[in-house]
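Student: Below you will find the structure I want to go over with you.
The values are calculated or read from the model by the stated rules, or taken from the named source; none is laboratory data. None of the values given here were measured: they were computed from a predicted structure. Quick reminder, even Gly has a Cβ in these numbers, built from the backbone with ideal geometry, and neighbours come from all protein chains shown. The area values use the complete protein model at the heavy-atom level, side chains included, leaving out ligands, DNA and RNA. Shrake-Rupley method; radii C 1.70, N 1.55, O 1.52, S 1.80 Å.
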Amino acid sequence: MTTRSSSDDRLATTLREESGRLVAALYRRFRDFDIAEEAVQGAVVEALTAWRRDGTPDRPAAWLTTAAQRNALDLIRRRGRQEALAARAEPSVERGGTDDRIALLFACCHPALAPEARLALTLRAVIGLTTPQIARAFLVNEQTLAQRIVRAKRKVVSTHIELRVPDPSELPERLGDVLAVVYVMYNEAFVSSTGRTQDRDLGADAVWLADVIATSLPDQAEAWGLAALLTLQHGRSAARFSSDGDLVLLRDQDRGQWDHTAIDRATGMLERAASLRASGPYQLQAAIAACHAEAPSWGETDWLQIVALYGALIRQDSSPVVRLNGAIALAQLGDRQATEALADVDRLADRLDGYHLFHASRAELLRLLDRDDEAAVADRRALELTTNEAERRLLQTRLRRHPLIDGS
Amino acid sequence: MILREGTPMKYVLMFTSEPAADAATDPEVAKAVYGRIYQWFQDNADKIDENGAELQPVETATTVKSGGLVVDGPFNEAKEVIGGFSVIDVPDMDAAVALAKTWPSLELPGIAVEIRPMVVDYSQFE
């Protein structure tokens, strides 16, 4: 397992800052999406080798731009796309503005593309990850992933998905597709127990992207909601794992390890979202996370507020996991509520029976009600579902940042 | 393929429905929708090529298969059948999707409109 150096961090920051701009700029220039994306990907791969060997150049953006442009011209020649040269307006590639990065993002997350394809394309074109890095992060076979990306780019080109920010009438729905990709980026990446995908901190990249989106579309409340949610979750992430690499439940976490600057920043984002008066699931999830982040301890958490927020969230997103989490929060209010919560959870049995945390949650609720024997049965069931050591390790290292049984 | 700004893009919209769902539709509702379809073609005349068609019902279909075998019925066994198609002339995919979304039948169950770009630039196959 590689530990990341600070130069890797600088590399990552530069790559995500520049990749999207470059792809957009090259596309505008040569009007060939495939060539633009390939050219930048090639430059990223070159940079990873060269900068690790020789150190980061003084002007990394210029280095990447030169490399990407050279690759683009090379690809044009090799593919006989001389007409793309005719499309060239100026002799040098202009740096694409921030708007163009967002336009690229909307194209990569277009509903015409399969969801897995949206994620892969976004990670490559907008974040500047390489195919091997993406494959490692999501435990996907590299060949499969490469094919997926080729197909997605072919679809973008053949159906002419244009790089643009959607019209206001379409924007909320299309933004939903974009935010969903960023959410998956944060929640579904497999990371080592130190919280890093070896050479890229995908969580930090997702937080960064959510921030870019909110800043670029400041009148979109859910964009601020997601940015707040991911900033909060990331701000608490240092306390999630013990030095042995074991998962630490929220009730046991050392809250002193939380990044309180990030938490304050997230609170600001949530306020910004609230001022736009357009509630939504990401804002509600962020508000729940904020309740936890503001509580000095598990015992002093405002569970009443959290229960109310889950009530609102379930009305917008009645998925079983959300309802499970809502039930756990409800149970914290007292015995009567714990009994009600257990009934809520039992109603989810047919959908969640194969999910070990469902049984672990039931065990938790049963213990709250002093039904220890039944709790033990539920615990055993939970353990059965994770007896496979590799799976158990996987589950531990799969950094599920959904608020779980403990809201962590 | 070069996506030059303003490259003419043509897409085919294939309008499909499920005959079972069609049969269950209230005749008054069906009539109203049909009227709105007529209006749709008027409203979008500037984007719709004259080369589209409404097809006669699937019972009228005959298929010639590999080897020359002629059989009664549509080419596949799916419960969805193609009822007609339009060729549209719009700048890009967003415009095609936006137009397809306004197809009046979509308020009814079992309807689907497939969007497929037409081949206009044969250089993409080189």
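Student: Can you list the HN-Hα couplings for region A:99-107, worked out from phi with the Karplus curve (6.51, -1.76, 1.60; θ = phi - 60°), rounded to whole Hz and with x for Gly and Pro?
Tutor: 4, 5, 5, 5, 4, 4, 4, 5, 5
Student: Run the helix sum for the protein assembly as shown: -39,500 (n - 2.57) per DSSP H stretch of 4+ residues, divided by residue count, reported at 222 nm to the nearest 500 deg cm²/dmol.
Tutor: Dividing the helical sum by the residues of the protein assembly as shown leaves -18000 deg cm²/dmol.
Student: Shifting gears a bit: Tell me the relative contact order for chain A as a rounded percent, counting alpha carbon contacts under 8 Å between residues six or more apart.
Tutor: 13 percent
Student: Going from most exposed to least, what order do A:Val248, A:Val165, A:Val345 have by accessible area with a 1.4 Å probe?
Tutor: A:Val165, A:Val248, A:Val345
Student: Using a 10 angstrom cutoff on alpha carbons, build the Gaussian network for chain A and name the most mobile of A:Gly128, A:Gly20, A:Gly42.
Tutor: Sorting by GNM fluctuation, first place goes to A:Gly42.
Student: Helix A:303-316 sits at what angle to the longest principal axis of chain A, using alpha carbons and giving 0 to 90 degrees rounded to 10?
Tutor: With both axes taken from Cα atoms, the answer is about 50 degrees.
Student: Separate question: Report the residue, chosen from A:Ala24, A:Ala12, A:Ala61, that carries the largest GNM mean-square fluctuation when chain A is represented by alpha-carbon nodes joined by springs under 10 Å.
Tutor: Among A:Ala24, A:Ala12, A:Ala61, the largest GNM mean-square fluctuation belongs to A:Ala61.
Student: Taking the full set of protein chains and a 1.4 angstrom probe, give the accessible area of B:Glu54 in square angstrom, rounded to the nearest 10.
Tutor: 130 Å²
Student: Taking a ≥ b ≥ c as the square roots of the Cα gyration tensor eigenvalues, with a/c under 1.5 meaning rounded and otherwise prolate when a/b beats b/c, else oblate, which class fits region A:210-360?
Tutor: Values: a/c = 1.80, a/b = 1.29, b/c = 1.40.
Oblate is the answer for region A:210-360, as a/c is 1.5 or above yet b/c matches or exceeds a/b.
Student: Here is a follow-up. So what's the Cα pair-distance distribution over the protein assembly as shown, bin width 10 Å, in %?
Tutor: Per 10 Å bin, starting at 0, the Cα pair percentages come out as 3, 15, 22, 23, 19, 13, 5, 0.
Student: Okay, next question. In Å², and per residue, what accessible area does the protein assembly as shown have when probed at 1.4 Å with the other protein chains present?
Tutor: Per-residue accessible area for the protein assembly as shown comes out at 48 Å².
Student: Straight-line reach from B:Lys10: which lysines have a Cα under 27 Å away, not including same-chain ones fewer than 8 places off?
Tutor: Reachable lysines: A:Lys153, A:Lys155, B:Lys47, B:Lys101.
Student: At a probe radius of 1.4 Å, figure out the A/B buried accessible area, summed over both chains, and give it in Å² to the nearest 100.
Tutor: 1700 Å²
Student: Moving on. By how many degrees, between 0 and 90 and to the nearest 10, does the Cα long axis of helix A:171-188 differ from the longest principal axis of chain A?
Tutor: Once rounded, one gets 70 degrees.
Student: Relative to the longest principal Cα axis of chain A, at what angle does helix A:60-78 sit, 0 to 90 degrees, rounded to 10?
Tutor: Between the helix axis and the principal axis of chain A, the angle is about 60 degrees.
Student: Quick check: pseudo-label points 7 Å beyond the Cα along Cα→Cβ at A:Leu73 and A:Ser243, how many nm apart are they?
Tutor: With each label point 7 Å from Cα toward Cβ, the separation is 5.5 nm.
Student: If you build a Gaussian network model of chain A, linking Cα atoms that sit under 10 Å apart, which residue out of A:Asp205, A:Asp335, A:Asp264 swings the most?
Tutor: Checking each option, the largest mean-square fluctuation is seen for A:Asp335.
Student: Still on this model: By the gyration tensor of its Cα atoms, with a ≥ b ≥ c the square roots of the eigenvalues, what is the shape of chain B: rounded for a/c under 1.5, prolate for a/b over b/c, or oblate?
Tutor: Cα axes put chain B in the oblate bin.
Student: Could you give the C-alpha radius of gyration of region B:35-88 expressed as a fraction of 2.2 N^0.38 Å, taking N as the number of residues it contains?
Tutor: Relative to the 2.2 N^0.38 Å estimate, region B:35-88 comes out at 1.48.
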